[in-house]
Amino acid sequence: MAFLPAERFIILIIATLALLDAGLLLLKGVGIDVVGYASLIACGAFLLLLGQFYRRFRHNDRIAATATAAGLFVLFTIAGSIFNYLLLPLRFPTIDLKLARLDAALGFDWPAFVTWASQYPRAGALLQMIYTTSLPQLIVVLLVLGFGGRTRLLHHFLLTGVLGALAAIICWFFFPSFGASSIYELPSDVTHRVPLAVGPDYGAQLVELGRNGAAYLTPRNVLGLIGFPSFHTVMAAMSACFMLRCGALGLLFLLLNVVMMPAIVIQGGHNLADVFGGLLIFCVAYMLASASLRQLERTQSKHIGRAAGTVRA
């Protein structure tokens with residue numbers, strides 16, 4: 001297998017998560033939809049093999065990098081999602097009320113903001129549509145970078161997402177929260193005017209999961225567990241930042257993700273503090289990914305230099 005240094009590093013992270021997942025599943029006795037997850041894992045493995053085929057036999061670096069990145073994206077998402085669920089039930093008290101008080105100190109009131117927004121149902125419907133574009137945006141960025149031959153930027157993008165997700169999960173484990181929708185009740189006329197992707201009912205499910213944990217895991221019913229820091233914000237910042245480095249199309253992504261911010265608060269049921277936390281996590285992950293990539297490249301250069309010296313000797 002001819003994986004590049006960044007790809008090998010991400011494979012190591014995925015393998016570590018997979019081992020932790022297996023151990024926690026056995027330890028906690030949680031049931032799992034083997035067929036459902038096996039089909040997703042097979043998809044990720046197929047993409048990795050496809051990438052290797054194009055790298056080793058067709059010598060098409062663009063398709064190889066894109067397919068490999070897509071496979072890593074799928075496999076990490078599976079391993080990370082299972083790991084996140086297996087951290088339930090919560091071991092530490094939630095900080096949602098503290099985040100709400102922080103919002104209040106900033107002059108922000110989530111129920112009042114959502115109630116005001118419900119007066120504009122068409123805008124609410126638009127925000128709901130924009131909210132659902134986060135994952136498709138990441139896929140578009142991956143394809144643009146991969147097929148555009150910008151492999152190093154693609155690896156920086158992948159590492160930012162992987163490190164950002166891990167940082168968000170770790171932060172959430174020690175300071176759990178489920179978002180504003182888990183602590184506030186909204187009048188029925190408000191939710192009727194603007195159906196929310198993450199409303200009070202969704203928040204109640206999260207609170208129940210936090211209290212009792214999950215007895216059975218299936219990819220058919222995966223909820224976004226993390227309130228603070230908002231990983232939706234991390235994804236939005238990733239899409240805007242990396243697409244801005246690809247020309248004029250980046251301006252469209254920037255505009256889309258500026259509008260994503262109120263969508264995250266309203267449709268995602270997040271505190272304003274969650275968004276700020278997500279932006280902070282993105283910045284840290286971006287810098288760590290850049291440093292990791294440089295270190296991986298230096299290590300590879302040293303190995304190549306030693307190999308060349310051995311051959312000459």
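The values are calculated or read from the model by the stated rules, or taken from the named source; none is laboratory data. Values in this document were obtained by computation on a predicted structure and should not be read as measured data. Ideal geometry is used to build each Cβ from the backbone, glycine not excepted, and the neighbour counts take in all protein chains shown.
Details
- Residue match in segment 148-162 (condition: touching a residue at least 24 places away in the same chain (Cβ under 8 Å), of a type in the set (A, V, I, L, M), loosely packed, with under 15 Cβ neighbours inside 10 Å and in a helix (DSSP H, G or I)): no
- The residue that is farthest from PRO111 (Cα to Cα), among those in segment 266-283 that are out of contact with any helix residue (DSSP H, G or I) (no Cβ under 6 Å at 6 or more places or on another chain) and surrounded by 21 or more Cβ atoms within 10 Å (Cβ to Cβ), is GLY277.
- Complete set of residues in segment 206-240 that are part of a helix (DSSP H, G or I), under 13 Å from the mean Cα position of the chain (by Cα) and either on the phi > 0 side of the Ramachandran plot or touching a residue at least 60 places away in the same chain (Cβ under 8 Å) (or both): PHE231, HIS232, VAL234, MET235, ALA236, MET238, SER239
- Residues of segment 129-147 that are surrounded by fewer than 18 Cβ atoms within 10 Å (Cβ to Cβ), under 15 Å from THR68 (Cβ atoms) and not aromatic (Phe, Trp, Tyr): ILE139, LEU143.
- The single residue among VAL234, VAL265 that is closer than 20 Å to VAL114 by Cα and out of contact with any His (no Cβ under 9 Å at 6 or more places or on another chain) turns out to be VAL265.
- Yes/no for LEU255 being of a type in the set (A, V, I, L, M) and at pLDDT below 95: no
- Note on segment 112-136: residues that are within 19 Å of LEU47 (Cα to Cα) and either of a type outside the set (A, V, I, L, M) or in contact with a Pro (Cβ under 8 Å, 6 or more places away or on another chain) (or both) total 1.
- Any chance LEU24 is part of a helix (DSSP H, G or I) and over 23 Å from ARG152 (Cα atoms): yes
- Inter-residue pairs, beta-carbon under 7 Å, first within 22 Å of LEU99 (Cα to Cα) and outside any helix (DSSP H, G or I) and in segment 269-297, second modelled with pLDDT under 95 and among the hydroxyl-bearing types (Ser, Thr, Tyr), 6+ apart: GLY269/SER181; GLY269/TYR202
- Selected residue (criterion: farthest from LEU48 (Cα to Cα)) from residues of segment 1-17 that are surrounded by fewer than 17 Cβ atoms within 10 Å (Cβ to Cβ) and within 20 Å of the chain's Cα centre (by Cα): THR16
- Residue in segment 118-128 that is within 16 Å of ILE264 (Cβ to Cβ), of a type outside the set (S, T, N, Q) and surrounded by 17 or more Cβ atoms within 10 Å (Cβ to Cβ) present: yes
- From the options ALA104, ALA165, ALA112, ALA125, residue that is part of a helix (DSSP H, G or I) and within 16 Å of the chain's Cα centre (by Cα): ALA165
- Qualifying residue in segment 24-32 (condition: under 21 Å from the mean Cα position of the chain (by Cα) and loosely packed, with under 15 Cβ neighbours inside 10 Å): no
- If only residues of segment 166-215 that are in contact with an Asp or Glu (Cβ under 7 Å, 6 or more places away or on another chain) and of a type in the set (A, V, I, L, M, F, W, C) are counted, the one that is modelled with the lowest pLDDT is ILE183.
- Filtered residue count, segment 47-100, keeping only those that are more than 30 Å from GLY227 (Cβ to Cβ) and not in a helix (DSSP H, G or I): 4
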